[in-house]
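Before any comments, here is the structure.
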Amino acid sequence: MTIFASTTFFKLSAMASAMVMALTACGGGDDPVLATQPFKTLANVQPLVVAHRGASGYLPEHTLESYTRAIELGADFVEPDLVATKDGVLIARHEPNITSTTNVATLPQFAARKTTKKVDGVDETGWFASDFTLAEIKTLGALITDAERPQQFNGLYKIPTLQEIVDLVKARRAATGREIGIYPETKHPTFHRQLGLGLEDRLITALNAANWNSKTAPVLVQSFEPGSLKEMRAKGLTTRMVQLIDGDDYDLKTGKISYAAPYDRPYDWAVSGDTRLFSAMVTPAGLAEIKTYADGIGPWKPYIVPIKGAVDAAGKLRDVNGDGKVNYNDASSQPATTLIDDAHKAGLFVHAYTFRSEQRRLAFDYNKDPKAEYLQFYRLGLDGVFSDFPDTALEARSTYLRELGR
Ligand SMILES: [Ca+2]
């Protein structure tokens, strides 16, 4: 007993000494000797805050102004979605169809460009980036796409090229000394390839020119189509890559993700006759397959924390918050799936999308506090968030760091 006690004391003393040394080494100062807790992220680092389409909660998405604001707010990465112009220049837009994100529909000189194209098997009518030269694209103004967000900047900002975004981020890195990165996505890669405007070669060329084609470059390349990532890997892209994982909607009665085209499977799978759904990607076998060509996954949030409504005796969804409507705001978050742990076991990091602050986007049990949602995911060991409101994501991260004694 005595021997055991003194051995334990010795071990504790040794641990305390080691901690004091560690704290001294990293400038811990006069803080009490408290063990900091490890992160649960794959690399044991704090979760990454990715500004989704820039600071898109505040300014028209995918503009230099939106990316700049995101960087000023402290975001780690900015996220440009990429589509191609008629003359083959990569620009930042969420869709090839630029009707809702620009003022093109109001400009009489482009009225005749209105057309219908099939995008991932679905007919879309409007104006498409691939029918405009870069010079023409530069005459357009960007719009904010959410009616609840500030409207006063509509039409003021131009559509940026990938090159302009790289230049902006490099300038901000140099000015601030911060490790700011870009998170480009190949948007509808099969659609672009069929137009003869393949995105992959163009992105690789741009990253080579930026001297950013390496595993340690501040670049994460993402796509919903595995074929796009595999093509870039085969063609010599060595940056970290992320397989995005989508779904169509929630079934609030069951708390399960629902699947309907074109959001049921990657479009390159649909074209090649692969009948698996996106859900196949979150199984251990699916994760192992992704690990052969990518470094992480970017799942829709409910793959990690399902959202489920309350059902009454008649089997109908209940109006839990009593506002007379039955919707997402009446549903609550459910116990987490094993996806983060499963992905980490497969050697993949997990960046989930999309975190938004509006009340209508928050499940009932977050109690109208967007930070509660971030904290739930951070505590699960999520490696990064795509957020329209990077400042809120960062506030929640600060709280999380304090919880860990950091
Ligand atoms: Ca309600």
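Filter the range 41-80 down to the residues that are touching a Pro at 6+ places or on another chain (Cβ under 7 Å) and surrounded by 24 or more Cβ atoms within 10 Å (Cβ to Cβ) and list them by number. Show your work before the answer.
Step one: list which residues in the range 41-80 are touching a Pro at 6+ places or on another chain (Cβ under 7 Å), which gives 41, 44, 49, 51, 55, 58, 62-64, 66, 70, 73-75, 80.
Answer for the range 41-80, where residues must be touching a Pro at 6+ places or on another chain (Cβ under 7 Å) and surrounded by 24 or more Cβ atoms within 10 Å (Cβ to Cβ): Val49, Ala51, Ala55, His62, Thr63, Ser66, Ala70, Ala75, Pro80.
Residue-by-condition table, conditions (1) out of contact with any His (no Cβ under 9 Å at 6 or more places or on another chain); (2) away from the ligand (no atom under 11 Å from the Cβ); (3) assigned to a helix (DSSP H, G or I):
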residue: Ala288; (1), (2), (3): yes, yes, yes
residue: Ile297; (1), (2), (3): no, yes, no
residue: Pro302; (1), (2), (3): yes, yes, yes
residue: Ala314; (1), (2), (3): yes, yes, no
residue: Asp323; (1), (2), (3): yes, no, no
residue: Val326; (1), (2), (3): yes, no, no
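Does Asp274 qualify as being assigned to a loop (DSSP other than H, G, I, E, B), in contact with an Asp or Glu (Cβ under 9 Å, 6 or more places away or on another chain) and within 16 Å of the ligand (Cβ to nearest atom)? Walk me through it before giving the result.
Numbers: assigned to a loop (DSSP other than H, G, I, E, B): yes; in contact with an Asp or Glu (Cβ under 9 Å, 6 or more places away or on another chain): yes; within 16 Å of the ligand (Cβ to nearest atom): no.
No; evaluated as a whole, the condition is false for this residue.
One line per residue, one yes/no per condition, for (1) of a type outside the set (S, T, N, Q); (2) in contact with a strand residue (DSSP E or B) (Cβ under 6 Å, 6 or more places away or on another chain):
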{"residue": "Thr145", "(1), (2)": "no, no"}
{"residue": "Glu164", "(1), (2)": "yes, no"}
{"residue": "Asp167", "(1), (2)": "yes, no"}
{"residue": "Ala175", "(1), (2)": "yes, no"}
{"residue": "Phe191", "(1), (2)": "yes, yes"}
{"residue": "Leu195", "(1), (2)": "yes, no"}
{"residue": "Leu199", "(1), (2)": "yes, yes"}
{"residue": "Leu203", "(1), (2)": "yes, no"}
{"residue": "Ser214", "(1), (2)": "no, no"}
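Listed by first and then second residue, the pairs with beta-carbon distance under 9 Å, at least 6 apart or on different chains, first residue in the range 37-50 and small (Gly, Ala, Ser), second crowded, with 20+ Cβ neighbours inside 10 Å, are Ala43/Phe349; Ala43/Asp383. If you go through the range 253-262 and keep only what is surrounded by fewer than 19 Cβ atoms within 10 Å (Cβ to Cβ) and in contact with a helix residue (DSSP H, G or I) (Cβ under 9 Å, 6 or more places away or on another chain), you end up with Gly255, Lys256, Tyr259, Ala261, Pro262. Tell me, yes or no, whether the range 336-344 has at least one residue that is away from the ligand (no atom under 13 Å from the Cβ), within 30 Å of Met241 (Cβ to Cβ) and either more than 24 Å from the chain's Cα centre (by Cα) or free of Cβ contacts under 8 Å to residues at least 12 places away in the same chain (or both). Checked against the condition, which is being away from the ligand (no atom under 13 Å from the Cβ), within 30 Å of Met241 (Cβ to Cβ) and either more than 24 Å from the chain's Cα centre (by Cα) or free of Cβ contacts under 8 Å to residues at least 12 places away in the same chain (or both), the range 336-344 yields at least one hit. Please tell me if Tyr374 is away from the ligand (no atom under 16 Å from the Cβ), aromatic (Phe, Trp, Tyr) and over 28 Å from Ile144 (Cα atoms). Answer is no for this residue. Among the acidic types (Asp, Glu) and either within 27 Å of Glu72 (Cβ to Cβ) or part of a strand (DSSP E or B) (or both): does that describe Asp391? The answer is yes for Asp391.
With respect to the conditions (1) free of Cβ contacts under 8 Å to residues at least 60 places away in the same chain; (2) basic (Lys, Arg); (3) surrounded by fewer than 18 Cβ atoms within 10 Å (Cβ to Cβ), Arg149 lacks only one, and its number is (1).
Every number here is computed from the coordinates shown, using simple stated rules; none is lab data. Only a predicted model underlies this, so the values are computations on that prediction, with no experimental measurement involved. Neighbour counts run over all protein chains shown; Cβ positions are idealised from the backbone, glycine included.
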